[in-house]
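Here is the structure we will look at.
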Amino acid sequence: MSDTQNTNPETQTPVTHTEEAPVTPVTTSSDRPARPQGDRPRNGGDRRGGRNGAREEDKEFKEELLAIDRVTRVTAGGRQIRFRASIVIGDGKGRIGLGIWKSGEVQGAIEKAIRDAKKNLITFTIVNGTIAHDVMAEFKSSSLYLHPAHTGTGIIAGGAIRKIFAVSGIKDVIAKQHGAPNKITNARVALKALSSLKPANLVVNFTKKETSSETTETKKVRSKKAA
């Protein structure tokens, strides 16, 4: 035979089979289905309510944290560490309260101190953003003097007393405190001073009586001079 075939497997060239990868169809923006309107608000939209659909309600009282102290108690089993929270609350209309509570956690102490403050509320009168008259009070080693101020003076006080005035609704007052620097003691003497304020109608009547008595005396003096 003239034509010879090479049957040697070493000289035969290997044959490779290639498979084409499946082509995924490309979808354009026009081919995508439109999202129904109103299902979900866009970013920056008006979302009524916070997380889990809960709406944020306005609090009845304003809260001011005076101090958080760590209290250690030594027992037979060892040391017990707890936290004491001191909080003052107020509605801005002449009603305030002081709460003090201890707990193993800070958050628990704050929540229970707020409950305690709501149980110990006092009320006093506010006249044109200030107090009706001068008042002085003493509690333990702390003393406090309060003086009414004109509109625009502001709260001239410091420390715990300033925080109490901020939540009580007083805008103009002058306070002078002497004695211990303890925040709880100063807060208690401020509450004592505010609770001892007289109603505004009694103070006005008292001033009217004074002015009426002065006018009668001046009339008597003028009548004697004329005679």
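Filter region 168-186 for residues that are touching a residue at least 60 places away in the same chain (Cβ under 8 Å) and surrounded by fewer than 20 Cβ atoms within 10 Å (Cβ to Cβ); which is nearest to Ala132 (Cα to Cα)?
Ranking the candidates gives Gly169 first.
Looking at region 122-143, which of its residues are within 15 Å of Ala187 (Cα to Cα), of a type outside the set (D, E, K, R) and either more than 25 Å from the chain's Cα centre (by Cα) or assigned to a loop (DSSP other than H, G, I, E, B) (or both)?
Listed by number, the residues that qualify are Met136, Ala137, Phe139, Ser141, Ser142, Ser143.
Within region 179-196, is there a residue that is touching a helix residue (DSSP H, G or I) at 6+ places or on another chain (Cβ under 7 Å) and either modelled with pLDDT under 90 or among the polar types (S, T, N, Q) (or both)?
yes
Do you know which of the residues in region 58-72 that are exposed (fewer than 11 other Cβ atoms within 10 Å of the Cβ) and modelled with pLDDT of 90 or more is farthest from Ser103 (Cα to Cα)?
If we take residues in region 58-72 being exposed (fewer than 11 other Cβ atoms within 10 Å of the Cβ) and modelled with pLDDT of 90 or more, then Thr72 is farthest from Ser103 (Cα to Cα).
The values are calculated or read from the model by the stated rules, or taken from the named source; none is laboratory data. All of these numbers come straight from a predicted model, not from anything done at the bench. Glycine also receives a Cβ, built like all others from the backbone with ideal geometry; neighbour counts cover every protein chain displayed.
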